[in-house]
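Worksheet for the structure shown next.
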Amino acid sequence: MSRLPDPPAAGFCAGAWEHTAALQQAIVEHPFNGALADGSLDRDRFAFYIVQDARYLVGFAQALSAASTRAADPADAAFLAGAAHGALVEERRLHAGYVEEFGLTEADLDGVVTSPSCVAYTSFLRASALVEPYPVLLAAILPCFWVYQHVGSEILAAVGDVSAHPYRRWIETYADEEFADAVLSARELTDRVAAEADEPMRRRMLAAFVRASEYEWMFWDGAWTREQWPTARWLPA
């Protein structure tokens, strides 16, 4: 499996994706992902991205763990807890491989400041975990699953054979069947919870899905520009 089947037309996910369709296309077409797809993405930009993403995954895993404690169905709780484990272990293993490949030291990593977009996105997820009801938290979490799988599968479809691609491991991770199955599970769970929610709650869910999707674009853009804090000039190094 690479591209996912469409979600059920009457469900929350189909409407949320349609609502953000132009933004989702802008993410796929972002210069970072375009350069990643054709293999021309320079290593400094990718290394910056890897550092930011490893830090982001901590906040993402915390939000997933919080969601797992609220799930009434044991199977849903197990899925969310497993996804949290995957974020902290499996995907970070991918990052560690790239850190080793690029020859980055702990000092190199510590010297990369967490970008404004990374802080904003992780803060949004942590705040959602603390103060938002369960359906809204699920909607806030969903784009990280879905957008990454969408980008990975679009790149794989465009590139085809990635056996010699410099970013093969990244593409294969997010276009992988196992990851696609996780996205399908996340969509099904979100649709099921949304179907039981009233209209004001579904509006809050949509707002959370939109905001997380906006942060996805900002995260890619921050990696492309190697985003720094504009206030850094007034502070000691």
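The values are calculated or read from the model by the stated rules, or taken from the named source; none is laboratory data. Keep in mind the model is a prediction, meaning the values are calculated, not measured. In this analysis, Cβ positions are derived from the backbone assuming ideal geometry, glycine residues included, and neighbour counts consider all displayed protein chains. Calculation scope for accessible area: heavy atoms of the full protein, side chains included, ligands and nucleic acids excluded. Shrake-Rupley method; radii C 1.70, N 1.55, O 1.52, S 1.80 Å.
Counting only heavy atoms of protein chains, what accessible area per residue, in Å², does the range 57-108 have with a probe of 1.4 Å? Let's see the in-between values first.
Details: 2540 Å² over 52 residues.
It amounts to 49 Å² per residue over the range 57-108.
Simple spin-label model, 7 Å along Cα-to-Cβ: Val58 to Arg203 in nm?
3.7 nm
Note down the magnitude of the dipole of the range 33-72 about its Cα centre, charges +1 on Lys and Arg C-beta and -1 on Asp and Glu C-beta and zero elsewhere, to the nearest 20 debye. Let's see the in-between values first.
Details: 4 positive and 4 negative charges, 50 e Å.
Computed charge dipole of the range 33-72: roughly 240 debye.
Specify the residue with the greatest mean-square fluctuation among Ser68, Ser185, Ser153, computed from a Gaussian network of the chain linking alpha-carbon atoms under 10 Å apart.
In the Gaussian network model the winner is Ser185.
Out of the total accessible area of the chain (probe 1.4 Å, heavy atoms of protein only), what percent is carbon and sulfur?
Values: 6250 of 11100 Å².
Carbon and sulfur atoms account for 56 percent of the accessible area of the chain.
Rounded to the nearest 10 degrees, what's the angle between the helix 134-159 long axis and the longest principal axis of the chain, both from Cα atoms, 0 to 90?
That helix lies at roughly 50 degrees to the long axis.
Set Lys and Arg Cβ to +1 and Asp and Glu Cβ to -1, take the dipole of the range 1-110 about its Cα centre, and tell me which of Gly103, Ala66, Ile27 lies farthest positive.
Ala66
Whole number please: convex hull volume per residue, Cα atoms of the range 1-111, in Å³. Don't skip to the answer; put the middle values down first.
Working: hull volume 17.0 nm³, N = 111.
Taking only Cα atoms, the range 1-111 has a hull volume of 153 Å³ per residue.
At what distance in nm do the modelled label points of Glu106 and Val131 sit from each other, each positioned 7 Å from its Cα along Cα→Cβ?
3.6 nm
Looking only at trypsin sites (Lys or Arg not before Pro) in DSSP loops with at most 15 other Cβ atoms within 10 Å, what is the longest site-free stretch of the chain?
Details: sites that count: Arg3, Arg226.
By the stated rule (loop sites, at most 15 other Cβ atoms within 10 Å), 4-225.
So for the chain, what percent of the C-alpha to C-alpha distances run longer than 26 Å?
Values: 10110 of 27966 pairs.
Beyond 26 Å sits 36 percent of the P(r) for the chain.
Which of Gln149, Gln25, Gln62 moves the most in a Gaussian network model of the chain with Cα springs under 10 Å?
Gln25
Quick one: putting +1 on the C-beta of Lys and Arg, -1 on the C-beta of Asp and Glu, what dipole do you get for the chain around its Cα centre, in Debye to the nearest 20?
Values: 18 positive and 33 negative charges, 132 e Å.
Taking the Cα centre of the chain as origin, the dipole is about 640 debye.
Whats the longest run of the chain with zero GluC sites (Glu not before Pro) that are DSSP loop and have at most 15 other Cβ atoms within 10 Å? Let's see the in-between values first.
Details: sites that count: Glu29, Glu196.
It runs 30-195.
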